[in-house]
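Notes for the one structure printed next.
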Ligand SMILES: Cc1ncc(COP(=O)(O)O)c(C=O)c1O
């Protein structure tokens, strides 16, 4: 190598590298190798356009984790959680998490019940749903009855339940919203229940409004139905967010395995479980609530390991980080963190109410730490909520505006989630930005509003 070349390479700036100094065709598989620093710089810079995840108030998922979680994720980056033989301690940690959650959710037999980690609540919901279908089908077969028309009853659910129903060929009896009723009620459930109902799924923290559905009241109604007709319909609770909040903040609220009819629960570790993205949980009330037929047995350390999952290979770090959180925080720590979020959500709701333009749909009380609102019908605001969502992004805030599912497609709301890492000070900054943006709209009303129909697809995890 010529002396000159050495000098050029050692002083060369990464932005003068050929990967960064000219147009590249990023649709074709690259032919040549690149300088790793240049490739890293290019990728890292593209990510800037994603915006700042800490200001993403549309997501339920974690966007802040402590330094120790970064270390754990790094230590586990090479561990596949499915290799239980090779990484027996990661397998043991997953098991401990299942037992701890069974205890937290008041299983009558937390040490022996079944459950597992998943990629998130969607996979966990599928597993809970499959167990319901299998149990129902087994019972019907034993009774010599047809098994070709299973149905599932739910309120306004997250898309994972639509997928479950479609993939497993089940009729979804989703209770539509009606007027001010945005949740399921015992009456609406009973009106749809029959001998082909594999189960009822209330949500603890409905995706659209963040409110809790009345799990206990629905269980009581199903008890009554059983007493009158003999129909014994089980429940699965979608606790994607709420199952990691209610036990700490409202331990007296009965929504979990204290209710015998609740046979399984799903939750997202990566939402209010405070773990990094990529972990969910499904736990069964008792081992017998998971049909044996769904369990695969693998040889493991000379023993027999039951497994139940849709995925195979998956990273182990999220599971280990979840365990770290359980040890580090305990019930006390989770309570403190979530209560701080409730305070901020309620404060935000009060401030938005004072702005005078909005109806508060959910004020951060009786559900998860969040708030939602719609534009008052009778005001000349000069903007719609899609315009507001668009404009507030100029300050980095990502806030979802969307229309409700059936039958309230006419109701457009904005939903703001407050989670670990969204401090009271950040909320205050948001309030100031909202006020400034609204003032601007009032001085310069929007002539062509963002089209509600095209902006209304709802997809926030
Ligand atoms: C109530 C509910 N269930 C299920 C899910 C899906 O969860 P995940 O994103 O963990 O798969 C969500 C996500 O927002 C949700 O809010």
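What ranking do 365, 22 get, fewest neighbouring Cβ atoms within 10 angstrom at the top?
22, 365
By its C-alpha gyration tensor, with a ≥ b ≥ c as the square roots of the eigenvalues, how is segment 28-101 shaped: rounded for a/c under 1.5, else prolate for a/b larger than b/c, else oblate?
oblate
Could you let me know the centre-to-centre spacing of segment 225-294 and segment 35-84, using Cα atoms, in angstrom?
Result: 29 Å between the Cα centres.
Could you tell me which of rounded, prolate or oblate describes segment 339-443, using a ≥ b ≥ c as the square roots of the eigenvalues of the alpha-carbon gyration tensor, with rounded for a/c under 1.5 and, failing that, prolate when a/b is larger than b/c and oblate otherwise?
oblate
Counting other beta carbons within 10 Å of each residue's own, what order do 212, 300, 87 fall into, fewest first?
Ranked by crowding around the Cβ, least crowded first: 300, 87, 212.
Quick check of the Kirkwood formula: for segment 187-257, what is the inverse mean of 1/r over all pairs of different Cα atoms, in Å?
Averaging 1/r across every pair of different Cα atoms and inverting gives 12.9 Å.
Please express the shape of the chain as an equivalent ellipsoid: the semi-axes are the square roots of 5 times the eigenvalues of the C-alpha gyration tensor, given largest first in whole angstrom.
Taking √(5λ) for each Cα gyration eigenvalue gives 39, 33, 21 Å.
How big is the gap, in Å, between the Cα center of segment 334-382 and the Cα center of segment 128-156?
Here the answer is 39 Å between Cα centres.
Calculate the radius of gyration of the Cα atoms of segment 142-265 to one decimal place, then report Dmax, the largest Cα-Cα distance, as a whole number, both in Å.
Using the Cα atoms of segment 142-265, the pair Rg, Dmax is 14.2, 46 Å.
Cα atoms only, segment 70-329: Rg and Dmax in Å?
18.1, 59
Which whole-percent values make up P(r) of segment 233-301 when all C-alpha to C-alpha distances are grouped in 5 Å steps starting at zero?
In whole percents, the pair-distance histogram is 4, 15, 21, 21, 17, 13, 6, 2, 0.
Taking the Cβ of each residue in 79, 142 as the centre, tally the other Cβ atoms inside 10 Å and list the residues starting with the fewest.
142, 79
What percent antiparallel are the DSSP beta bridges of segment 235-365, to the nearest 5?
Close to 70 percent.
A short reminder: the numbers here are calculations on the coordinates, not readings from a lab. Keep in mind that this is a model prediction, so the values were computed, not measured. When we count neighbours, we look across all protein chains shown, and the Cβ atoms used for this are built from the backbone with ideal geometry, even at glycine.
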